[in-house]
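The values are calculated or read from the model by the stated rules, or taken from the named source; none is laboratory data. The structure displayed is predicted, hence computed values, not measured ones. All Cβ positions, glycine included, derive from the backbone under ideal geometry; neighbour counts span all protein chains shown.
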Amino acid sequence: MSRVYPRLSMVVPAFKAGDTIKRTLDSVIAQDYSNLQLIVIDGGSKDQTVDILKDYDEQIAYWVSEPDKGQVDALEKGFKQADGELYGWICADDEFMPDSLKRLVDVFLDFPDTDVATGGCRRIFPGDEVVDTSPDPRYLEDLTIKNTIEQPSTLWRAYLAKNVGPLDGSYKYAFDWEYWCRFKKAGAVFRSIPDPISIYHFSGENLTSSGGRKIADEMYRIVKEYGPYNGRVANVYRFLYRWFDLHGYYDADLLEKKPGWKRSLYFAVLRMLYRRYDPHTINSYNWNFVSRQERGRGW
């Protein structure tokens, strides 16, 4: 018996995406998901983005090109046009793996109490390094101390989005993570599959490749609001970031070059933190990618 797939609204925020948006749109259309509402919100691009959107006019349910206040504003414009039972978004420089959306929607069909379904992601870094991720067994437990969810590999119920409210436009970089934390706080039922659903292209131009200290500040806000120990872990993470990470202690090649007394001090601080907090929480610190950006070391 063939499955009846629910209406899925997929929003694509775009700005100056002329070099990549065709790849994104092709990957969505190739899903062969007949009950799909494809929405594209462009921020008034002056490159070839609009010409490309015109070429896809028959496949896109709704699109507009006009100035906006950034990615959150574009996404909220898109979700206001959404009429699906399930929501998702993918940025205009990423793409879906072949036949991946149905695999993710199958989670909702197999487990009707599911509110959020997420999967793995294929990450492509500058230099063509490829890393496939899969949701960690503790991804939901650890969600309030680090972003364990791959945004383009995630779908959620429309009613959940309406219950928790819009994306928080005070965030520029970590608004997706803050959104997942609100889902969790609202009691949403999360389920995951190991399959890579999307392909995330890292470059020097996308937001998470260049945010540096601004990303760290937003990560601090989220851990402070939602994290364990009444948010006090945020202060610990910021301490580790400023006094150790920015000085190379979380880079294996730099740590081994530190004088012995400095390494001993670093490990003594960690042991002290282990006594006050559980070791897993301390070891879950993952701001190194931001530190590397701030220090010009790339990913």
(message) For the stretch 154-271, give me every one of the helices (runs of 4 or more DSSP H) that falls completely inside it and has 3 or more residues that are at pLDDT 95 or above, over 16 Å from the mean Cα position of the chain (by Cα) and over 29 Å from Asp128 (Cα atoms).
(response) 158-164, 213-226, 233-243
(message) Need the failing condition index for Met97 against (1) modelled with pLDDT of 95 or more; (2) surrounded by fewer than 18 Cβ atoms within 10 Å (Cβ to Cβ); (3) not aromatic (Phe, Trp, Tyr), just the number.
(response) (2)
(message) Looking only at the stretch 106-147, how many residues end up being touching a helix residue (DSSP H, G or I) at 6+ places or on another chain (Cβ under 8 Å) and hydroxyl-bearing (Ser, Thr, Tyr)?
(response) 3
(request) Restricting attention to the stretch 1-37, report how many residues are exposed (fewer than 15 other Cβ atoms within 10 Å of the Cβ), assigned to a helix (DSSP H, G or I) and not acidic (Asp, Glu). (result) 0
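Residues are listed down the side, and each one gets a yes or a no for (1) surrounded by fewer than 18 Cβ atoms within 10 Å (Cβ to Cβ); (2) basic (Lys, Arg):
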position	(1), (2)
Ala188	no, no
Arg213	yes, yes
Met219	no, no
Asn230	yes, no
Trp243	yes, no
Asp278	yes, no
(request) Among the residues of the stretch 213-250, write down those that are over 18 Å from Ile282 (Cβ atoms) and either in the same structural domain as Trp287 (by TED's automatic domain parsing) or among the acidic types (Asp, Glu) (or both). (result) Asp217, Glu218, Glu225, Gly248
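Name the one entry in Asp94, Asp99, Asp73, Asp83 that is in contact (Cβ under 8 Å) with a residue 40 or more places away in the chain and at positive phi.
When all the criteria are applied, what remains is Asp99.
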(request) Given the conditions (1) assigned to a loop (DSSP other than H, G, I, E, B); (2) out of contact with any Lys or Arg (no Cβ under 9 Å at 6 or more places or on another chain), report the number of the one that Asp83 does not fulfil. (result) (2)
(message) For the stretch 116-159, give me each residue that is surrounded by fewer than 18 Cβ atoms within 10 Å (Cβ to Cβ) and either in contact with a strand residue (DSSP E or B) (Cβ under 8 Å, 6 or more places away or on another chain) or of a type in the set (Ser, Thr, Tyr) (or both).
(response) Ile124, Phe125, Val130, Val131, Asp132, Thr133, Ser134, Tyr159
(request) Could you please give the count of residues in the stretch 38-68 that are surrounded by fewer than 18 Cβ atoms within 10 Å (Cβ to Cβ) and either acidic (Asp, Glu) or in contact (Cβ under 8 Å) with a residue 40 or more places away in the chain (or both)? (result) 6
